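Only one structure is covered here, and it is reproduced in the block below.
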Amino acid sequence: MPENPENRDKDIPESPEENEQAPPGETGGMKRRFTWKKLLMIAIALVVVGSLVQVIARSGGFGGALNTTGDNSENKKSAPKEIETPAQKPKTVELGDQKIPQASGPIIVVNPGLVTPGGKATVEGAGFDAKSTVDLFLKTSAKQNEGKGIATAKTDRTGSINTQITVPENVSKGAIVVAQQRDADNVAEAQLVAGGVVGAVKINKMVGKPGDSVSLNIRGFGAGEKIDVFWGRVGGKPDATLTADGSGGIGRADVKVGVAPTGVSTLILVGEKSQTTATAPFQILGLYPTLKSSPYALKAGHQITVSAGGFAPAERVLYYINSASGVPAFTATADANGNVGSVSFDVPFGLEGEQNLTAIGDRTRAVVRAGFQVMPYTPTAEPSTYSGKAGTAVSFYVTGFAANETVTLYAGGPNGDAKKITTFQVDAKGEAEAAGSYPITKADEGGVAFKLVGSKSGGEAKASVNAAEEEGQQDQGQQGQGQ
């Protein structure tokens with residue numbers, strides 16, 4: 001039979017790969033086959049859907065905002081805080097060859113300043129605003145402008161803080177504690193020295209402070225060997241050197257406790273030849289030194305004496321004025337008992353009011369604070385005459401100025417216009433007689449005022465001549481206005 005064109009189109013399959021005749025006995029007639037291209041497209045679609053699901057989950061669901069910046073809020077919370085730098089450096093005055101702050105600003109000390117990693121220390125401070133919040137940060141380099149937050153403290157009504165911190169375990173050499181007041185330009189720093197601890201030898205007591213005596217019983221070293229003694233460290237200059245007997249031991253050796261971080265520490269013995277090591281655990285107690293200044297209140301240019309005690313034997317003690325770091329104002333060395341005898345110095349001109357004095361042990365970092373008050377100069381001046389006509393010479397008797405300083409004399413009329421007249425020098429007692437001669441003019445017969453100013457002390461004395469005439473003229477003027 002001839003083929004029907006319509007049936008011809010129906011009998012031709014679309015593709016030999018896509019359709020095939022179903023075997024006999026199966027239903028459906030035609031069966032769809034998946035090619036490798038379709039499988040690849042399905043796999044790509046699944047990957048895209050999975051990526052979208054992950055993005056939505058990270059952004060907090062379909063209701064959350066999609067984070068496209070790459071920032072993570074958790075990382076922001078743990079990021080180091082930037083430390084502010086004071087807008088202006090403090091003004092200084094000279095004490096000998098050193099410069100010290102002129103005014104008492106924010107200051108902190110760490111006690112003890114030498115502490116083991118993981119140990120605790122107390123941060124004391126003053127000079128902040130009353131009832132303010134102070135954040136404490138830790139940085140390992142003076143050049144860093146960011147620090148790790150370690151504590152927050154509230155100041156009392158005097159602007160002081162006293163809080164305890166825990167030294168991080170990763171601080172192995174040293175760090176700087178920074179106290180930064182919130183919303184203010186008040187920042188202070190103090191050095192923190194951390195030392196590691198070592199192992200475990202036989203000792204008659206397990207607790208003591210630097211300078212205390214302990215007895216050791218030593219065995220196991222080489223015969224006649226030199227034995228170096230270290231406290232809380234190994235290496236460097238030994239705190240003491242012992243000599244073993246013929247059996248390689250010492251029945252009893254008395255030594256002094258050396259400088260080591262406060263807390264659990266270790267006594268370490270090292271044989272110089274055999275390198276044999278023996279250790280004994282030991283609890284190092286903190287030092288609580290004392291500091292006294294005498295007199296407490298005095299004027300600039302006068303001598304003040306300070307004395308201290310409670311430091312490690314033969315330790316160098318650093319003294320700071322209105323500071324607790326940097327180059328010390330002066331130093332002294334403690335004796336075998338940890339005491340520092342009287343140290344005197346002249347209070348520099350430029351200091352006024354309450355001053356902070358801090359003493360820090362160079363090795364132990366033990367800290368103690370005290371203070372003294374710098375009083376202002378209040379000189380007086382008496383004229384040789386209290387009244388006189390034109391041509392009368394007036395001189396002055398002055399007292400109360402700084403020793404041997406130069407005094408400038410100023411004269412002013414009733415209108416307050418003052419001009420420099422002359423200068424003169426006072427003696428070692430701050431006094432002068434018949435000094436600063438001034439001839440009275442015709443204009444001065446109505447009254448003239450004088451001012452005498454010390455060049456170093458800044459002290460100011462006032463006097464006047466013909467003051468009665470001036471007051472009389474003022475009274476007459478007031479009566480005339482009343483009429």
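Numbers at a glance
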{"read-out": "Conditions (1) under 30 Å from Gln303 (Cβ atoms); (2) of a type in the set (S, T, N, Q); (3) surrounded by 14 or more Cβ atoms within 10 Å (Cβ to Cβ): number failed by Ser395", "value": "(1)"}
{"read-out": "Yes/no for Ala278 being modelled with pLDDT under 90, part of a strand (DSSP E or B) and surrounded by 19 or more Cβ atoms within 10 Å (Cβ to Cβ)", "value": "yes"}
{"read-out": "Leading residue by the ranking (modelled with the highest pLDDT) among those in segment 144-158 that are within 17 Å of Gln180 (Cβ to Cβ) and assigned to a loop (DSSP other than H, G, I, E, B)", "value": "Thr155"}
{"read-out": "Check on Lys456, among the basic types (Lys, Arg) and either out of contact with any strand residue (DSSP E or B) (no Cβ under 7 Å at 6 or more places or on another chain) or in a helix (DSSP H, G or I) (or both)", "value": "yes"}
{"read-out": "Filter result for Pro383 (of a type outside the set (S, T, N, Q), touching an Asp or Glu at 6+ places or on another chain (Cβ under 7 Å) and farther than 24 Å from Val110 by Cα)", "value": "no"}
{"read-out": "Subset of segment 212-257 [in a loop (DSSP other than H, G, I, E, B) and among the aromatic types (Phe, Trp, Tyr)]", "value": "Phe221"}
{"read-out": "Residues (buried (at least 17 other Cβ atoms within 10 Å of the Cβ) and either in a loop (DSSP other than H, G, I, E, B) or touching a Phe, Trp or Tyr at 6+ places or on another chain (Cβ under 7 Å) (or both)) located in segment 430-449", "value": "Gly430, Ala432, Ala435, Gly436, Ile440, Gly447"}
{"read-out": "Subset of segment 201-238 (residues that are acidic (Asp, Glu) and either in contact with a helix residue (DSSP H, G or I) (Cβ under 7 Å, 6 or more places away or on another chain) or closer than 25 Å to Pro289 by Cβ (or both))", "value": "Asp212"}
{"read-out": "Of the criteria (1) touching a His at 6+ places or on another chain (Cβ under 9 Å); (2) buried (at least 17 other Cβ atoms within 10 Å of the Cβ), which one Phe401 fails", "value": "(1)"}
{"read-out": "Candidates Val407, Val426 - the one that is over 11 Å from Val453 (Cα atoms) and of a type in the set (A, V, I, L, M, F, W, C)", "value": "Val426"}
{"read-out": "Selection within segment 330-340 - surrounded by fewer than 21 Cβ atoms within 10 Å (Cβ to Cβ) and either of a type in the set (A, V, I, L, M, F, W, C) or within 23 Å of Thr122 (Cβ to Cβ) (or both)", "value": "Phe330, Ala332, Ala336"}
{"read-out": "Filter result (in a strand (DSSP E or B) and either among the aromatic types (Phe, Trp, Tyr) or in the same structural domain as Glu433 (by TED's automatic domain parsing) (or both)) within segment 348-372", "value": "Phe372"}
{"read-out": "Residue match in segment 292-303 (condition: more than 30 Å from Asn404 (Cβ to Cβ) and buried (at least 19 other Cβ atoms within 10 Å of the Cβ))", "value": "no"}
{"read-out": "Number of positions in segment 360-392 that are surrounded by 14 or more Cβ atoms within 10 Å (Cβ to Cβ) and of a type in the set (Phe, Trp, Tyr)", "value": "2"}
{"read-out": "Test for Val306: is it in contact with a strand residue (DSSP E or B) (Cβ under 6 Å, 6 or more places away or on another chain), crowded, with 20+ Cβ neighbours inside 10 Å and not assigned by TED's automatic domain parsing to the domain that holds Asn217", "value": "yes"}
{"read-out": "Number of the condition not met by Pro328 [criteria: (1) in a loop (DSSP other than H, G, I, E, B); (2) more than 25 Å from Ala359 (Cα to Cα); (3) modelled with pLDDT of 90 or more]", "value": "(2)"}
{"read-out": "Lone unmet requirement of (1) surrounded by 12 or more Cβ atoms within 10 Å (Cβ to Cβ); (2) under 26 Å from Gly310 (Cβ atoms); (3) modelled with pLDDT of 75 or more; (4) β-branched (Val, Ile, Thr) for Thr140", "value": "(2)"}
{"read-out": "Condition broken by Leu267, with the remaining ones in (1) buried (at least 20 other Cβ atoms within 10 Å of the Cβ); (2) under 31 Å from the mean Cα position of the chain (by Cα); (3) outside any loop (DSSP other than H, G, I, E, B) satisfied", "value": "(2)"}
{"read-out": "Flag if Gly301 is over 26 Å from Ala188 (Cβ atoms) and out of contact with any helix residue (DSSP H, G or I) (no Cβ under 7 Å at 6 or more places or on another chain)", "value": "yes"}
{"read-out": "Test for Pro117: is it out of contact with any Pro (no Cβ under 6 Å at 6 or more places or on another chain), assigned to a loop (DSSP other than H, G, I, E, B), at pLDDT below 90 and more than 25 Å from Ala312 (Cα to Cα)", "value": "no"}
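The values are calculated or read from the model by the stated rules, or taken from the named source; none is laboratory data. The structure displayed is predicted, hence computed values, not measured ones. Quick reminder, even Gly has a Cβ in these numbers, built from the backbone with ideal geometry, and neighbours come from all protein chains shown.
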